[in-house]
Amino acid sequence: MDICRSKSAIRALVAQWRSQSVPVVLAPTMGFLHNGHLSLMRRARLRAGETGKVVASIFVNPTQFGPNEDLDSYPRDEARDLELLRLEGVDAVFIPEVSEIYDPEAQTIVETTELARMLIGKLRPGHFRGVATIVTKLFNIIRPDAAVFGEKDYQQLAVIRRMVQDLDMEIEIIGAPIQREADGLAMSSRNVRLSPADRARAPVLARALDQAEELAPSGITASRLRSHVRATLEAEPRAQVQSVDIRDAATLAPISGPLTRPAVLLLAVKFGTVFLIDNRVVHPAKERT
Ligand code: PAF
């Protein structure tokens, strides 16, 4: 496995692969890898095939953290991450320092205007601008044929798909399903920061989504489904509910009335200082033919 810390090193490596016409698939991460990330690597390998190349990036991107967010305490373990990626059969890792990526004189940003401001973008102003900008930079540095992102960050995936379409980027975007712990908690690097008491209660997010999935085909309205999920979360005293939204699964536009198309429930809940998100696409009853 090649470990590249500079843009020039990863560019030279990928250029060599490109000259052999093999597909290159990127799986971007912020490190502190768990099984959720490793599932992205497996999805990337599936797309690349045996002869193609899988590149992982590890970069804790400062521009997607707000001033009062957890950038400094974001967990890191480079040696372990590299070992896990090696075991997963990843071909190269791009692991730059912040100074390699951001020119202090830089002025250019990438922003999906509406999608970046709604939902999590409202709670975390500037977050999706940081994500869209770093993902564009990674795409320009590595120039992959395809890139894999987790469906756990549903809005992030929507932002990236929109950006790729709007800016005519010739990169296939692949969504990889959410990976869960045995008790349903969606895997996240932040889970290790939950206190034992909060960790025990955090599966309430998955439980609320399971209930919503069961209720969705009953003809229930979007607003009643949302209230139901909120009530389940609020019944857990340790959970500080930040937002519960139900949106069109494809466009993230608000919806009302009985469900007629797939909808996505998006949850953001804090336990102590740890911000957790989860989501589920739910479906109305199949139309009778
Ligand atoms: O999902 C993440 O880990 C990050 O937001 C990403 C896509 C690697 C960009 O920094």
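Numbers below:
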{"item": "In nm, spacing of pseudo-spin labels at residue 253 and residue 108 (7 Å Cα→C-beta vector)", "result": "3.2"}
{"item": "Max mean-square fluctuation residue, GNM over the chain, Cα-Cα springs under 10 Å, options 70, 103, 248", "result": "103"}
{"item": "Cα-centre dipole for the chain with unit charges at Cβ (Lys and Arg positive, Asp and Glu negative), debye to 20", "result": "540"}
{"item": "Kirkwood-Stokes translational diffusion coefficient of the chain, alpha-carbon pairs, 10 °C, 1.306 mPa s, µm²/s", "result": "79"}
{"item": "Choice from 191, 35, 68 showing the highest fluctuation, given a GNM over the chain with Cα pairs closer than 10 Å", "result": "68"}
{"item": "Among 13, 46, 167: highest mean-square fluctuation, GNM of the chain, C-alpha pairs under 10 Å", "result": "167"}
{"item": "Relative contact order of the chain, pairs being alpha-carbon contacts under 8 Å that are 6 or more residues apart, as %", "result": "16"}
{"item": "Equivalent-ellipsoid semi-axes of the stretch 98-219, from the Cα gyration tensor, Å, largest first", "result": "31, 19, 15"}
{"item": "29 Å Cα-Cα reach of residue 7 towards lysines, excluding residues that sit fewer than 8 places from it in its own chain", "result": "53, 137, 152"}
{"item": "Neighbour-count order for 127, 283, fewest beta carbons within 10 angstrom listed first", "result": "283, 127"}
{"item": "Backbone N within the stretch 180-204 under 15 Å of label point (7 Å from residue 77 Cα along the Cβ vector)", "result": "188-194"}
{"item": "Rounded D (µm²/s) - the stretch 77-131, Kirkwood Rh over Cα pairs, Stokes-Einstein at 4 °C, 1.567 mPa s", "result": "91"}
{"item": "Dipole-positive endmost among 204, 28, 227 within the chain (Cβ charges, Cα centre)", "result": "227"}
{"item": "Two-decimal ratio, the stretch 176-289, of alpha-carbon radius of gyration to 2.2 N^0.38 Å", "result": "1.08"}
{"item": "In nm, spacing of pseudo-spin labels at residue 22 and residue 270 (7 Å Cα→C-beta vector)", "result": "4.7"}
{"item": "Within the chain, helix-based [θ] at 222 nm, where runs of 4 or more DSSP H residues each add -39,500 (n - 2.57), nearest 500", "result": "-11000 deg cm²/dmol"}
{"item": "Cβ-based net charge around residue 140, under 11 Å, with every Lys or Arg adding one and every Asp or Glu removing one", "result": "+4"}
{"item": "Residue 123 paired with residue 8, simple spin-label distance in nm, labels 7 Å along Cα-to-beta-carbon", "result": "4.3"}
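Here, each number is a calculation from the coordinates, and none is a lab measurement. Computed from a prediction, not measured in an experiment: that's the story for all the values here. Cβ coordinates were reconstructed from backbone atoms using ideal geometry, including for glycine residues, and neighbour counts include every protein chain displayed.
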